[in-house]
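This report refers to the structure that appears directly beneath it.
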Amino acid sequence: MYRWFHQLGSPPTFYKWSGQWLPWLTFVCITLFVVGLYGGLVYAPADYLQKDSFRIIYVHVPAAWMSMFVYVVMAFSGAIALIWHIKLSEIMMLSSASIGASFTFIALITGSIWGKPTWGTWWEWGDARLLSELLLLFLYIGIIGLYSAIEDKRKAAEAVSILALVGIVNIPIIHYSVIFLNTLHQGPTVSKFDSPSIETSMLIPLLIMALAFKLFYIIVLLMRSRNELLWRERRSQWVRNIIKGTGNV
Amino acid sequence: MNIFITILKRDLLLAIRHRAELLNPMLFFVLVIVLFQLGMRAKPAVLVTLAPAIVWIAALLSALLSLDHMFRSDMEDGALEQMIISTQPTSLLVLAKILAHWIITGLPVTLIAPILGLMLGLTGDASLILFFTLLIGTPILSAIGSIGVALTVGLRRGSVLLSILVLPLYVPVLIFASQTVNTFMAGYPIFASLSVLMAMLVLSLSLSPWASSAALRMSVS
Amino acid sequence: MYEFLHMGGYGGYIWSAYGITAIVLTLSIVLPIIQSRKNHKRIEHMLEQEQD
């Protein structure tokens, strides 16, 4: 197990391995998206209360889940990069930031669009999830900003790792403080998921879409990591072989 | 422990010598509050409900404004490098820096806040509660802020970035502190939210020196 | 077909939400591809210069 892990951590092996897997992953991901979209937009019946407007759930919720998941992945790979100085985990952390920010952005915009028919406003300050999501976006922007501001990229990666760890300690605190704020104000308590039980025919497309989003993240992560790896190792022999097209990694 | 007292004394002496550094955050604090009131012209009944948030946002901004000084001058004259290389633990140094920053900026703000609270129409008791939230809350601002400054101290355009890094982390303090005062004014018990604020203080004072010293080592090396 | 696009009157909300999602996701997959092409060209160029 350890040996496998170690081999995977070596740049040429990772590059070769990820290159082989990417087409398959892409195929599965596209299939999941097609099935999930069909299930969400056609197969699932309209909600009793929210009618057809609930169908936004199939992009909003997977994006929101992924926005948090990506941050956790980022913080963990940042910690690994800080402690063991594994190059690959540093690259994975850096590659995660922008895709995580994209997911957060999607969750925010779709949540806001969903809010209009549900609550009657484009932005509801009473919704804790939306507020947490907004603050998460700021955390992502801070990380991207810090990385681009520090010229020495090795230092920048270290700084970003520290910041991601500080952020991961703060995210639960931020989330609960926002919830605390809203329990006091008794804002609209129409929560999107608190409906007693979600119909199976509505749930299955949601899970498929969540899986599709997760695979999408893995694909983008691999692509970005490969780019970063190739550029960092541009002077090494294995990169030369790839560029010259001899194929011997 | 020696390095702690030495740095604290040195920073305080420097602040007393440059009196502007000592007065600016406080003046800024008062000005922001005055500007708020001039801009809103709110009715007294409305103003009272807004007062805790206004005072706290002003405190937040004045802490943010003065954060940049925390390590910059030491960085420029090379003192910081010396301190980090020395055998003393860096986290202790950071803790001294945080305390010094709080005494120079947070404490004066805390002390004049009750007067401003009264001016904004708070009752005497509510002003006192506001004072307590600031007393517990402003050290958290210095502690969390130290991480942001340590990360950006080597950068030329660090101060804009600093506010983007630090302000989202300030959100829980702002919420719990201003809600404590609001809850008190509504006549409910405030023990719970005050203890959450205390917990945040303990957490931030014990964790942020580690993060800051790691960040400082990165910035200086 | 009209039924499907209309979505019981919520079509505008649903399609704008899905549309924005599609745009953002497409961008985040296209940008790395462009980057990859650029990297390959730059490294090729670098290798050619070395040979000269």
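The values are calculated or read from the model by the stated rules, or taken from the named source; none is laboratory data. The structure displayed is predicted, hence computed values, not measured ones. Cβ: placed from backbone, ideal geometry, glycine included. Neighbour counts: every protein chain shown.
Considering A:LEU146, A:LEU108, A:LEU131, A:LEU136, the condition of being part of a helix (DSSP H, G or I) and touching a residue at least 60 places away in the same chain (Cβ under 8 Å) is satisfied by A:LEU136 alone. Tell me, yes or no, whether segment A:183-201 has at least one residue that is at pLDDT 80 or above and either surrounded by fewer than 19 Cβ atoms within 10 Å (Cβ to Cβ) or closer than 21 Å to A:THR110 by Cα (or both). No: segment A:183-201 contains no residue that is at pLDDT 80 or above and either surrounded by fewer than 19 Cβ atoms within 10 Å (Cβ to Cβ) or closer than 21 Å to A:THR110 by Cα (or both). A residue that is at negative phi, in contact with a Gly (Cβ under 7 Å, 6 or more places away or on another chain) and of a type in the set (D, E, K, R) can be found somewhere in segment A:103-124.
Within the set A:ILE106, A:ILE144, the sole residue that is modelled with pLDDT of 90 or more, within 30 Å of A:HIS85 (Cβ to Cβ) and touching a Ser or Thr at 6+ places or on another chain (Cβ under 8 Å) turns out to be A:ILE144.
Within segment A:146-158, the only residue that satisfies the criterion of being surrounded by fewer than 18 Cβ atoms within 10 Å (Cβ to Cβ) and facing chain B (nearest Cβ under 7 Å) is A:LYS155. Residue count for segment B:145-171 satisfying the condition of being touching a Ser or Thr at 6+ places or on another chain (Cβ under 6 Å), at pLDDT 90 or above and more than 8 Å from chain A (Cβ to nearest Cβ): 3.
Could you check how many residues of segment A:78-88 are in a helix (DSSP H, G or I) and either buried (at least 23 other Cβ atoms within 10 Å of the Cβ) or on the phi > 0 side of the Ramachandran plot (or both)?
2
Scanning segment B:104-154 for residues that are farther than 30 Å from A:ILE150 by Cβ, in contact with a helix residue (DSSP H, G or I) (Cβ under 6 Å, 6 or more places away or on another chain) and not in a helix (DSSP H, G or I) returns B:LEU120, B:GLY121, B:LEU122.
Take the residues of chain C that are β-branched (Val, Ile, Thr) and either within 9 Å of chain A (Cβ to nearest Cβ) or at positive phi (or both): which is nearest to the chain's Cα centre (by Cα)? That would be C:ILE29.
Only one entry of A:SER177, A:SER161 meets the criterion of being small (Gly, Ala, Ser), at pLDDT below 90 and surrounded by 15 or more Cβ atoms within 10 Å (Cβ to Cβ), and that entry is A:SER177.
Cβ separations smaller than 7 Å between residues 6+ apart or across chains give the following pairs from segment B:113-141 residues that are within 15 Å of B:ILE33 (Cβ to Cβ) to residues that are aliphatic (A, V, I, L, M) and outside any helix (DSSP H, G or I): B:LEU130/B:LEU122. Every condition in (1) more than 21 Å from the chain's Cα centre (by Cα); (2) in a helix (DSSP H, G or I) holds for A:TRP125 except the one numbered (2).
When you scan segment A:129-140, how many residues do you find that are within 9 Å of chain B (Cβ to nearest Cβ) and within 21 Å of B:MET218 (Cα to Cα)? Qualifying residue count, segment A:129-140: 1.
Tally the residues that are within 18 Å of B:LYS97 (Cβ to Cβ) and surrounded by fewer than 24 Cβ atoms within 10 Å (Cβ to Cβ), restricting the search to segment B:162-210. Summing the residues that are within 18 Å of B:LYS97 (Cβ to Cβ) and surrounded by fewer than 24 Cβ atoms within 10 Å (Cβ to Cβ) in segment B:162-210 gives 7.
If you go through segment A:25-54 and pick out every residue that is among the aromatic types (Phe, Trp, Tyr), loosely packed, with under 13 Cβ neighbours inside 10 Å and under 23 Å from the mean Cα position of the chain (by Cα), you end up with 1. The number of residues in segment A:111-151 that are under 28 Å from A:PHE76 (Cα atoms) and β-branched (Val, Ile, Thr) comes to 4.
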